[in-house]
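Report on one structure; see the data block that follows.
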Amino acid sequence: MNYGNIKFYDVANGPGVRVSLFVSGCRNHCKNCFNPETWDFNYGKPFTAETEESIIKGLKPEHIKGFTLLGGDPFEPENSAVLAPFLEKIKKEYPNKSFWCYTGYDYEKDLLTGKKGDVETVMRMLNCIDVLVDGRFVEELKDLNLLFRGSSNQRIILVKPSLEEDKIVLWDELTEV
């Protein structure tokens, strides 16, 4: 797996100061995507053990609220195979930090049904993620006033309650995650 960028002080992709990993590879190709260079699975640098360690070290300070995973798309099968064990590793290391993830795929239709690769791998990822922003970016639904998403069709989902209750539970700015 390759990645396009790591931001060690990101304030745009989830609440608080976060470490964000932008993975490479996405088949959605949303019109006017903010990061089209990451569509290419070969874009950027290889994700290595050293990369993992730099992220783990970057998450250590108290003022870092959490980790955000975006891209590209983390749920592409080529990415999820690498990311599932990595997420488990950092979730174990930092159980009190919040974990956010962005995907252009639909939570119910694509991720829970197995349309995006191995269901077990997808579930391993979802079990580490606190908040999932799902859905393709749709230029016609773009709204600059939306918090943590680009278009109004995208949802900010609380993953654990959604899995437990077998229905979508949405995040709002009053939710502490």
Nonlocal amide H pairs with Phe99, under 5 Å, H built at 1.01 Å
Phe67, Asp130, Val131
Kirkwood Rh in Å, taken over all unlike Cα pairs in region 14-74:
12.7
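If Lys and Arg each add +1 and Asp and Glu each add -1, what is the summed charge of the other residues whose beta carbon sits under 9 Å from the beta carbon of Phe75?
Here the count lands on -2.
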Placing +1 at every Lys and Arg Cβ and -1 at every Asp and Glu Cβ, with all other atoms neutral, what dipole size does region 2-165 have around its Cα centre, in debye to the nearest 20?
320
Restricted to the chain, the DSSP antiparallel beta bridge percent, nearest 5, is 50
Calculated FRET efficiency for the pair Val11/Glu50, C-beta based, R₀ 35 Å, to 0.05:
0.85
Candidate span helices, the chain: DSSP H, at least 15 Å along axis from Cα coords, Kyte-Doolittle average at least 1.0, result none
Put +1 on the Cβ of each Lys and Arg and -1 on the Cβ of each Asp and Glu in the chain; which of Leu59, Asn96, His29 then has its Cα farthest toward the positive end of the dipole?
Leu59
State to the nearest 20 debye the size of the charge dipole of region 103-158 about its Cα centre, where the only charges are +1 on K and R beta carbons and -1 on D and E beta carbons.
20
When all C-alpha to C-alpha distances in region 46-127 are sorted into bins of 10 Å, what percent of pairs does each bin hold, rounded to whole numbers?
17, 51, 28, 5
At q = 0.20, 0.31, 0.33 Å⁻¹, what log₁₀ I(q)/I(0) does region 103-148 have when each alpha carbon counts as one equal point scatterer in the Debye sum?
-0.71, -1.18, -1.27
Sorted peptide list for 17-24, 151-158, criterion being average Cβ within 10 angstrom, highest first:
17-24, 151-158
Cross-link reach from Lys60 to aspartates and glutamates, straight Cα distance under 17 Å and at least 8 residues apart if same chain, gives Asp10, Glu50, Glu52, Glu88, Glu93
If R0 is 30 Å, what FRET efficiency do you get for Asn32 and Thr113 from their C-beta distance, rounded to 0.05?
0.60
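Figure the gain on full extension for Arg155 and Asp172 (residue separation times 0.36 nm, minus the Cα-Cα span) and round it to one decimal in nm.
Working it through step by step, the gained length comes to 5.1 nm.
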For region 117-157 and region 1-64, write down the distance between their C-alpha centroids in whole Å.
15
Straight-line reach from Lys57: which lysines have a Cα under 20 Å away, not including same-chain ones fewer than 8 places off?
Lys7, Lys45, Lys65, Lys89, Lys91, Lys92, Lys97
Using just the Cα positions, wrap region 2-165 in a convex hull and report its mean projected area in square nanometres, one decimal place.
8.9
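Read-outs: derived from the displayed coordinates by stated rules, not from any lab. This is a predicted model, so every value here is computed, not measured. Here the Cβ is made from the backbone with ideal geometry for all residues, glycine too, and neighbour counts use every protein chain on show.
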